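Reviewing the structure listed below.
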Amino acid sequence: MAMPASLALYDNYTRTLREFAPLAKDAPVGVYTCGPTVYDYQHIGNFRTFLFEDVLKRVLRWNGYKVNHDFPPKSAKEEVKEELDDFAQRRGAQDVMPPSAEFRSTTREAA
């Protein structure tokens, strides 16, 4: 399958389609997305956001870009390990690609 000549994305600010251009020619494209706000187990309604992010990453990669995806989970409680583990399992079950890095607000670890 041939790669398209360009990638156009909708710009909400200008309300127009704009050709995508990375900030640096040979650098990875950075994608920073909010993680789940973990106060309970995630359901299919919560996954719409993560599915969109997954499609965006796949389209960028298909167009030849290397993608660095940062994904910080948010927490409404101190101990959320069980809910985050469940989220990771459900994300995998839906074949959603994991991010390049997952971190809390005070730490950053490569995924």
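The values are calculated or read from the model by the stated rules, or taken from the named source; none is laboratory data. Please read these numbers as outputs of a predicted model, since none were measured by experiment. Cβ: placed from backbone, ideal geometry, glycine included. Neighbour counts: every protein chain shown.
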* Would you pick out the residues in the stretch 10-36 that are over 18 Å from residue 64 (Cα atoms) and in contact (Cβ under 8 Å) with a residue 24 or more places away in the chain? -> 32, 33, 34, 35, 36
* Restricting attention to the stretch 70-111, report how many residues are part of a strand (DSSP E or B) and modelled with pLDDT of 70 or more. => 2
